[in-house]
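Okay, so here's the structure we're looking at.
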Amino acid sequence: MKGAVVFYSFSGNTRKTCVFLKEIVGTLGSRLDLIDLKLEKEVIPFFKQCLEAAMKKKPKLTEANYDLGVYDFIIFASPVWAFTYAPALRSYLKEVKGLENKAGACFLTVGSGAGSKKALKELESVLEKKKMKVFFSKNLSGAKTGDKAYLEWSFKRLLKSSLIDMKS
Ligand SMILES: Cc1cc2nc3c(=O)[nH]c(=O)nc-3n(C[C@H](O)[C@H](O)[C@H](O)COP(=O)(O)O)c2cc1C
């Protein structure tokens, strides 16, 4: 059984969290591939990042695996940008295939938390429209993503679920 976590991370909080999940899922006997989304042209200025996110832009990504049909479970992750999820994930979700009837999860890493509930709901609803069964969703404090105890606590329900615990 294998899973994938598809994520975008600008300053590393979301990536750190995904690497933690990969390691811990490995110790549980399952495999989690990291699909780290990269923009062809990274936007650096904060205000431009906010604008692109708020305008729901879909910037070009470098090559990525868009067919997730081979995976048994899929997790999507992104930082919250301007009360929504990051444009790179929006671009990916437009093209992705193979989510139908797949069990999955999503999480966002946040700063102040402003708009994070709305952002999570929006992501969940996009995944559900693609017929994925979202059984776990959470907002995490980006500032705490270096804290393993916090991450273990945050993902307790996910890690104990039969989904991640599926042994081949
Ligand atoms: C352009 C931009 C916009 C952001 N907007 C929000 C926001 O609306 N709400 C919030 O709680 N945090 C916001 N943040 C903080 C990030 O969501 C948070 O720091 C996150 O953990 C960063 O993840 P990363 O290190 O994986 O890029 C924003 C950060 C950036 C760079």
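Readers should treat all values here as calculations from the given coordinates under stated rules, not as data from a laboratory. The structure displayed is predicted, hence computed values, not measured ones. Methodologically, a virtual Cβ is constructed for each residue, glycine included, from the backbone with ideal geometry; neighbour enumeration extends over all protein chains shown.
Against the test of being touching a helix residue (DSSP H, G or I) at 6+ places or on another chain (Cβ under 7 Å) and more than 14 Å from the ligand (Cβ to nearest atom), the options ALA77, ALA82, ALA64, ALA53 yield a single qualifying residue, ALA64.
Close contacts from the stretch 81-97, counting a first residue that is in contact (Cβ under 8 Å) with a residue 24 or more places away in the chain and a second that is part of a helix (DSSP H, G or I) and more than 16 Å from the ligand (Cβ to nearest atom), with Cβ to Cβ under 6 Å and a gap of 6+ residues or different chains, come to LEU93/VAL126.
Residue pairs whose Cβ atoms lie under 8 Å apart, sitting 6 or more positions apart in sequence or on different chains, and linking a residue in the stretch 109-124 that is at negative phi to a partner that is within 6 Å of the ligand (Cβ to nearest atom) and of a type in the set (Phe, Trp, Tyr), are ALA114/PHE83; SER116/PHE83; LYS118/PHE83; ALA119/PHE83. Among the residues of the stretch 93-114, are any of a type outside the set (S, T, N, Q), crowded, with 17+ Cβ neighbours inside 10 Å, in contact with a Cys (Cβ under 9 Å, 6 or more places away or on another chain) and part of a helix (DSSP H, G or I)? Within the stretch 93-114 (the criterion being of a type outside the set (S, T, N, Q), crowded, with 17+ Cβ neighbours inside 10 Å, in contact with a Cys (Cβ under 9 Å, 6 or more places away or on another chain) and part of a helix (DSSP H, G or I)), the answer is no, since none of the residues qualifies. Taking the numbered list (1) part of a loop (DSSP other than H, G, I, E, B); (2) in contact with a helix residue (DSSP H, G or I) (Cβ under 9 Å, 6 or more places away or on another chain); (3) surrounded by fewer than 19 Cβ atoms within 10 Å (Cβ to Cβ) in turn, ILE44 passes all entries but (2).
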